[in-house]
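Everything on this sheet refers to the single structure shown next.
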There are 2 protein chains.
Amino acid sequence: MAKESQALNERAQLLLKTLVERYIADGQPVGSRALSKFSGLDLSPASIRNVMADLEEMGFIASPHTSAGRIPTPRGYRFFVDTLLTVKPLDRIEINQLEGQLQVENTHKLVSSASHMLSELTHFAGVVVTPRRSGGFRHIEFLKLAEKRILLILVTAEGDVQNRIIQTEKSYTPAELVEAANILNQNFAGCSFDEIRRRIHAELKQLREDMTQLMSAALAAGDQAASDSAEDVVISGEVNLLGIDDLSSNMTKLRDLFNLFEHRTTLLQLLDVSSCAQGVQIFIGGEAGLQPLDECSVVTAPYEVDGKVVGTVGVIGPTRMAYERVIPIVDITAKLLSSALTQR
Amino acid sequence: MAKESQALNERAQLLLKTLVERYIADGQPVGSRALSKFSGLDLSPASIRNVMADLEEMGFIASPHTSAGRIPTPRGYRFFVDTLLTVKPLDRIEINQLEGQLQVENTHKLVSSASHMLSELTHFAGVVVTPRRSGGFRHIEFLKLAEKRILLILVTAEGDVQNRIIQTEKSYTPAELVEAANILNQNFAGCSFDEIRRRIHAELKQLREDMTQLMSAALAAGDQAASDSAEDVVISGEVNLLGIDDLSSNMTKLRDLFNLFEHRTTLLQLLDVSSCAQGVQIFIGGEAGLQPLDECSVVTAPYEVDGKVVGTVGVIGPTRMAYERVIPIVDITAKLLSSALTQR
DNA sequence: ATTGGCGCTCCACCACCGGGAGTGCTGGCA
DNA sequence: TGCCAGCACTCCCGGTGGTGGAGCGCCAAT
């Protein structure tokens, strides 16, 4: 008795494993008869029932009602993915195919194609947290659009381009704009905007009045551009979840789920957690602490550039998903994204 | 008899109008009794039934089954919006509030905030077709990211910024890059890429070999950047449609609808049609020719910059929508967008 | 320890039925 | 001629009850 409540003996583990696999495969509660057929063990349904009763007592499985088969509980899933699951990594050829699907023209395309790839491969929703930026800039440029309307172009340290229109009080000549850009580029490339602000006030008092005005407008715009291109999450293939009958039966739950998708910040918090850990991480059901996800699982993996974690990729699908397929997909996507971003 | 089949007399029109209004208001088939109460006419249900029978014969209304009230047919809706509907324009204050909600930092933000605004105000899905671009460029710039990796920054005639990374065969010095950019900016600003290509081959044979290589790489990249920022459609608030019980009852229809949203090109064709007409246009049910939309209506309006139509805004919702509210919202959004884009 | 057997429970499906809503029709009235 | 009260009819909707099947728990036998 004491032994059973602590650890599962081998037979129980095998039965739990096949039970979860069966349930994942066809979505029906699985009964003792089915289990005796598929387990490989040569046991009668009656014996299996005993084990199932134990498993139920320990909280790994549950029955929806008196006379149905059993289905895994969240705890059952957890044990399954932690210790019973065997994933087969993708082979070289598949990886190469995937690599070809990533669009490397710029960061935004790269990220959204990664997200799209995840959703296509898993038929669930793909999510990618955009790479964290360091905050500095590599290059800055002002372009006169009209009187008192200037286009600010900002190349971040990571090689992304931001742009925004700023209204000025006075109108500047193209030459002045070039001069201002030169000052910033030559003196401050690589610095954070805060730092620039400090140093401009300290060192460059000799700047002409109108110049500092332009500068501070630029810095404000730069700040804002940096902040609104802060971390964000790109989601693809939400539609796929409409087809999953586990989810689409509860219309209200489904709505909650889709509302969550619009609430980027909440999702971001969850996904950021996973960037602390290494490798693939799995959140089952409500483990993430969000009610809308209580029938979902989230499989995530951090990706990195130059060895530093800068974001997270992941898949959101029903708890009843084929983990052994999804896990390597998420894993490899994170790695492909890392390498695509690193060679810049 | 001949008369009834041609035009509706005043009484029939009034009854049709209140019937549609009632149905839009509470979604229940409306019977003769309800109609006699709400029409304002002092008629007994029995008399009303006669008129309803006529309306049914003419195809304006239909009954879901023998003993239910009547609901408008698509043709009934059409007649309603064409000749019975009275829209009340928004007042000045509301318009100003809305104007404040548009984010004018750059075109992309502008468009997506407009789309978001539409969905927020109507509680349906908002769509905006991004502005057509003229194809030329205003400014071009090369920035060296690494050996043989160059960041191409392209400012379109409309003041938007495109960027993309290009791989070169040889590595260029920063000075060479500046020179190349200067050549393009000084000689070809405002031209289309095709034109540039032609003229480069014709006039500038004296360019150094390596320069023309860089140039043609840039032109190819520019072409592609231009083409993948071609017309696109931004959709917001699809989630809202999950809450509409007219739509969410048929799970499969709902899925079709959401699939349509992912199929940008199909949607684009529909929305482009509306940019030919002037002012608000309404597609009811399958009028658009797309099955997924057969329980939906699409309300669109073109928007323009400098007097030329460059795109379309719209709302997609259930056919049973409050047109008198949605129409002015779409109208005003198109106008606000036009004016925000024009002052650049 | 394992197993066949038995009784039990619960769900899913179907058929049935009564109330309610709304219609079409008809005959009478101004 | 236009309007209206009354009536019979049709259909949907919700609740009720019965039945078959799947699966379990328990127990006695091996």
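May I ask you to say which residue of B:108, B:139 is modelled with pLDDT of 90 or more, buried (at least 17 other Cβ atoms within 10 Å of the Cβ) and within 14 Å of chain A (Cβ to nearest Cβ)?
Result: B:139 is the single residue among B:108, B:139 that is modelled with pLDDT of 90 or more, buried (at least 17 other Cβ atoms within 10 Å of the Cβ) and within 14 Å of chain A (Cβ to nearest Cβ).
To keep it simple, each residue is scored yes or no on (1) in contact (Cβ under 8 Å) with a residue 60 or more places away in the chain; (2) within 15 Å of the chain's Cα centre (by Cα).
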| site | (1), (2) |
| --- | --- |
| A:265 | no, yes |
| A:272 | yes, yes |
| A:289 | no, no |
| A:292 | no, no |
| A:297 | yes, yes |
| A:302 | no, yes |
| A:325 | yes, no |
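Go through the range B:226-255 and report how many residues are modelled with pLDDT under 75 and surrounded by 14 or more Cβ atoms within 10 Å (Cβ to Cβ).
Looking only at that region, the number is 2.
Which number in (1) buried (at least 17 other Cβ atoms within 10 Å of the Cβ); (2) within 16 Å of DNA strand C (Cβ to nearest atom); (3) within 35 Å of the chain's Cα centre (by Cα) marks the one condition that residue B:48 misses?
(3)
Any residue at all in the range B:236-259 that is in contact with a strand residue (DSSP E or B) (Cβ under 7 Å, 6 or more places away or on another chain), assigned to a loop (DSSP other than H, G, I, E, B) and closer than 23 Å to residue B:71 by Cα?
Scanning the range B:236-259 turns up at least one residue that is in contact with a strand residue (DSSP E or B) (Cβ under 7 Å, 6 or more places away or on another chain), assigned to a loop (DSSP other than H, G, I, E, B) and closer than 23 Å to residue B:71 by Cα.
Keeping to the range B:11-29, report how many residues are within 15 Å of DNA strand D (Cβ to nearest atom) and either crowded, with 18+ Cβ neighbours inside 10 Å or not charged (D, E, K, R) (or both).
Final tally of qualifying residues: 7.
Looking at (1) closer than 14 Å to residue A:19 by Cα; (2) in contact with a Lys or Arg (Cβ under 9 Å, 6 or more places away or on another chain); (3) within 12 Å of DNA strand C (Cβ to nearest atom); (4) without any contact (Cβ under 8 Å) to a residue 40 or more places away in the chain, can you tell me which one residue A:64 breaks?
(1)
Taking only the range B:136-180 into account, find how many residues are charged (D, E, K, R) and in a loop (DSSP other than H, G, I, E, B).
Taking the range B:136-180 and keeping what is charged (D, E, K, R), we get B:138, B:141, B:144, B:147-149, B:158, B:160, B:164, B:169-170, B:176, B:179.
In the following step, the residues that additionally are in a loop (DSSP other than H, G, I, E, B) were identified as B:147-148, B:158, B:160, B:169-170.
Number of matching residues: 6.
Search the range A:77-111 for residues being among the charged types (D, E, K, R) and not in a helix (DSSP H, G or I), and hand back the single one that is farthest from residue A:9 (Cα to Cα).
So in the range A:77-111, the residues among the charged types (D, E, K, R) come out as A:78, A:82, A:88, A:91-92, A:94, A:99, A:105, A:109.
When the remaining residues are screened for being not in a helix (DSSP H, G or I), the result is A:88, A:91, A:105.
On the way: A:88: 25, A:91: 33, A:105: 53 Å.
So, considering only residues that are among the charged types (D, E, K, R) and not in a helix (DSSP H, G or I), the one farthest from residue A:9 (Cα to Cα) is A:105.
Please determine, by comparing only the residues of the range B:51-91 that are among the hydroxyl-bearing types (Ser, Thr, Tyr) and either within 14 Å of DNA strand D (Cβ to nearest atom) or crowded, with 20+ Cβ neighbours inside 10 Å (or both), which one is nearest to residue B:324 (Cα to Cα).
Going through the qualifying residues, I end up with B:77.
Here are some conditions: (1) within 16 Å of DNA strand C (Cβ to nearest atom); (2) of a type outside the set (Asp, Glu); (3) assigned to a helix (DSSP H, G or I). Residue A:114 meets all but one. Which one does it not meet?
That leaves (1) as the condition not met.
Here is a list: B:334, B:301, B:340, B:322. Which entry is within 22 Å of residue B:120 (Cβ to Cβ), of a type outside the set (D, E, K, R) and within 14 Å of chain A (Cβ to nearest Cβ)?
Sole residue among the options that is within 22 Å of residue B:120 (Cβ to Cβ), of a type outside the set (D, E, K, R) and within 14 Å of chain A (Cβ to nearest Cβ): B:340.
The values are calculated or read from the model by the stated rules, or taken from the named source; none is laboratory data. Note that the coordinates shown come from a computational prediction; the quantities given were computed from them, not determined experimentally. Here Cβ is always computed from backbone atoms with ideal geometry, including for glycine, and neighbour counts include all displayed protein chains.
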